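Asks: Next up is a structure, given as structure tokens.
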Amino acid sequence: MVLLIVSLFTAALLFGLGFLLNEKSAPSMLSGYRKMSPQEKQHFQLADYVRFFRQFHFVLGSSLFLLSILLFYIHVDAIGMLLGFGPLIAYSIFFLKSRQFYPPSQRKVLMIGFYVMLLTALFVGGLFFLGNSSTQVIIGNDAIEISGVYGESIQLKDLIEAKLVTTLPKIKMKLNGFATSNVKKGWFKTTDGRKIKLIIDKKTPPYLYLKTNDGLEIYVAINQVDKSSLLNAIKSGQ
């Protein structure tokens, strides 16, 4: 629900930007326009740019609003990806398309903006892909390997506790990691002050709890894995 509220609020802000800019307010609102020389201003297609700006933000805001509601009923975690990835791609296109309204001397700056937005979008998309990748657990002769960017390699001889639990600790804050409503991977701080690692593909109990002799605590939830068999394999290897 929090993701939905944030996404709808963002959509409303983006939609509202379309009302703020008009031909009267544009000369004072557009910092790039204010910095142009008189000759550059003559070559800047102000009326066409304002029309493009307004249409872009009306479409972006309304699209984000409708897609957020749709994804809330289909796959709520996808709202986070839409919110983090969608506007970046949209503004990449915005910078690219808006070049046509600017004088040639200003177009290089817009291309820099385009590449920055595109690279940021690819980086964010990569994070979502890695964060949502299914976790694999491999039990070796002397170690347990948990895959993924926040994975862990634990020597079986270092395990002092391995059990199945039905609930996760109450989380106070994320320290370093990836988190949506269901997926949580990385380091988190609990309300009782503990620093723990969560590797949660889906919040469906039971969860595998591992604790090592150096104080490392990990909670693992893995889709399509028999957790009881996994726990027995861990204990037999200790």
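Asks: Pairs please, first residue from the stretch 54-80 and closer than 24 Å to Leu30 by Cβ, second anywhere and among the hydrophobic types (A, V, I, L, M, F, W, C) and outside any helix (DSSP H, G or I), Cβ atoms under 9 Å, 6+ apart in sequence or on different chains.
Replies: From the stretch 54-80, the pairs are Arg54/Leu21; His57/Leu21.
Asks: If you don't mind, another one. Does Leu130 satisfy the criteria of being in a helix (DSSP H, G or I), open to solvent by 30 Å² or more (accessible area, probe 1.4 Å), in contact with a Leu (Cβ under 9 Å, 6 or more places away or on another chain) and over 21 Å from Leu46 (Cβ atoms)?
Replies: No.
Asks: Give me the residue from the stretch 176-191 that is aromatic (Phe, Trp, Tyr) and surrounded by 18 or more Cβ atoms within 10 Å (Cβ to Cβ) and, out of that set, nearest to the chain's Cα centre (by Cα).
Replies: Of everything passing the filter in the stretch 176-191, Phe178 is nearest to the chain's Cα centre (by Cα).
Asks: For Leu60, are the conditions met, namely being in a helix (DSSP H, G or I), open to solvent by less than 40 Å² (accessible area, probe 1.4 Å) and under 27 Å from Leu119 (Cα atoms)?
Replies: yes
Asks: Still on this model: Failed condition for Met29, given (1) over 21 Å from Leu110 (Cβ atoms); (2) open to solvent by 80 Å² or more (accessible area, probe 1.4 Å), with all others met?
Replies: Condition not satisfied by Met29: (1).
Asks: Mind checking which residues of the stretch 156-175 are touching a residue at least 40 places away in the same chain (Cβ under 8 Å), farther than 15 Å from Tyr209 by Cβ and open to solvent by 50 Å² or more (accessible area, probe 1.4 Å)?
Replies: Within the stretch 156-175, just Lys157 meets the criteria.
Asks: If you go through the stretch 203-230, how many residues are at pLDDT below 80 and surrounded by 15 or more Cβ atoms within 10 Å (Cβ to Cβ)?
Replies: Number of matching residues: 4.
Asks: Something else about it: What about Met36, is it assigned to a helix (DSSP H, G or I) and either open to solvent by 30 Å² or more (accessible area, probe 1.4 Å) or touching a residue at least 60 places away in the same chain (Cβ under 8 Å) (or both)? Spell out the reasoning first.
Replies: Details: assigned to a helix (DSSP H, G or I): no; either open to solvent by 30 Å² or more (accessible area, probe 1.4 Å) or touching a residue at least 60 places away in the same chain (Cβ under 8 Å) (or both): yes.
So Met36 does not fit the description; no.
Asks: Here's something else I'd like to know. Any chance the stretch 124-132 includes a residue that's under 18 Å from the mean Cα position of the chain (by Cα) and aromatic (Phe, Trp, Tyr)?
Replies: Yes, there is a match, as at least one residue in the stretch 124-132 is under 18 Å from the mean Cα position of the chain (by Cα) and aromatic (Phe, Trp, Tyr).
To keep it simple, each residue is scored yes or no on (1) at pLDDT below 90; (2) within 30 Å of Ile146 (Cβ to Cβ); (3) not charged (D, E, K, R).
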{"site": "Leu20", "(1), (2), (3)": "yes, no, yes"}
{"site": "Pro27", "(1), (2), (3)": "yes, no, yes"}
{"site": "Ser31", "(1), (2), (3)": "yes, no, yes"}
{"site": "Arg54", "(1), (2), (3)": "no, no, no"}
{"site": "Leu66", "(1), (2), (3)": "no, no, yes"}
{"site": "Arg107", "(1), (2), (3)": "yes, no, no"}
{"site": "Leu130", "(1), (2), (3)": "yes, yes, yes"}
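Asks: So Phe9 fits all but one of (1) open to solvent by 50 Å² or more (accessible area, probe 1.4 Å); (2) outside any helix (DSSP H, G or I); what number is the exception?
Replies: (2)
The values are calculated or read from the model by the stated rules, or taken from the named source; none is laboratory data. Here the structure is a predicted model, which is why all the values come from computation and not from measurement. As a convention, Cβ positions derive from the backbone with ideal geometry for all residues, glycine included, and neighbour counts pool all protein chains shown. The accessibility values were calculated without ligands, DNA or RNA, using every heavy atom of the protein model including side chains. Shrake-Rupley method; radii C 1.70, N 1.55, O 1.52, S 1.80 Å.
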